[in-house]
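One structure is given below, encoded as structure tokens.
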Amino acid sequence: MCSAKRLKPEERKNEIKKAAAKVFVGKGFSKTTMEDVINETTMSKGGVYHYYASTLDILHDLMVDGIHYRNEVIQSNLSDFKKGYEIKFIAKQIVDKILDDNFYMDIYVQFLIEKKRNEKLNKLFEVLKEQSRQEFLILENKNQQYLMDDNMYDLVTNFINSMIIGAEILDARENLKINRNILERMAIILIEEGGNKNGKNNEREALKR
């Protein structure tokens, strides 16, 4: 462990998260201990525990940071949103998320793989899924016709996560990039089906009134 230097609280947390991310990717989340993380930082044991009580707490913040990152990307792309091309825009954002090889992607793939064997990660996944729905709320508010119910949102989430795992584990990212137009068409089908189902449900509710 290197000698410590004075850092602001947010800088200390960022150092811990970056150190943890490195270890998570190298060893896997389940095999990573707090001692492993501490050894990757310039901080003392007490200093690290002052901010995080467990590796799960660190992983949670890393995943939330990933959600914030994606929201910022979507916000920066909203200037490209054009009336009449709403579905294509949403589909593009979905595929961009799948193909974006950013800092958080390796950690997220580890998270998806290990959650099957870890009940705590499963619970965290459900919490994060609700938080990440803010991404779609930004887009859905732009186009009320294609609001997704819970079932369709789960399907879109599963589609995205399946493609992300394939891109990483099967080393398929370049192939997916070459064929992103096909991925976008698949995303469009999901969005349209979700919109059609929502529209039919609204019609049925209207008939009941």
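Quick one: would you say G26 is of a type outside the set (K, R), over 30 Å from R117 (Cβ atoms) and outside the structural domain of L121 (by TED's automatic domain parsing)?
no
Got a number for residues in the stretch 53-66 being assigned to a helix (DSSP H, G or I) and without any contact (Cβ under 8 Å) to a residue 60 or more places away in the chain?
Going through the stretch 53-66 one residue at a time, the tally reaches 7.
Taking only pairs six or more apart or across chains, which ones have beta-carbon atoms under 8 Å, a first residue in the stretch 99-111 that is of a type outside the set (D, E), and a second residue that is assigned to a loop (DSSP other than H, G, I, E, B) and surrounded by fewer than 17 Cβ atoms within 10 Å (Cβ to Cβ)?
Q110/G28
Out of the stretch 174-189, which residues are without any contact (Cβ under 8 Å) to a residue 12 or more places away in the chain, more than 16 Å from I87 (Cβ to Cβ), not in a loop (DSSP other than H, G, I, E, B) and not β-branched (V, I, T)?
Passing the criteria: E174, N175.
Assigned to a helix (DSSP H, G or I) and either under 26 Å from M186 (Cα atoms) or touching a residue at least 24 places away in the same chain (Cβ under 8 Å) (or both): does that describe K92?
yes
Regarding the stretch 71-89, can at least one residue be identified that is without any contact (Cβ under 8 Å) to a residue 40 or more places away in the chain, in a helix (DSSP H, G or I) and more than 27 Å from A172 (Cβ to Cβ)?
Checked the stretch 71-89: at least one residue is without any contact (Cβ under 8 Å) to a residue 40 or more places away in the chain, in a helix (DSSP H, G or I) and more than 27 Å from A172 (Cβ to Cβ).
I'd like the full set of residues that are closer than 17 Å to F111 by Cα and of a type outside the set (A, V, I, L, M), limited to the stretch 33-67.
Matches in the stretch 33-67: T33, S54, T55, D57, H60, D61, D65, G66.
The values are calculated or read from the model by the stated rules, or taken from the named source; none is laboratory data. Keep in mind it's a predicted model, so treat the numbers as computed, not measured. Cβ sites come from the backbone with ideal geometry, for glycine too, and all protein chains shown count toward neighbours.
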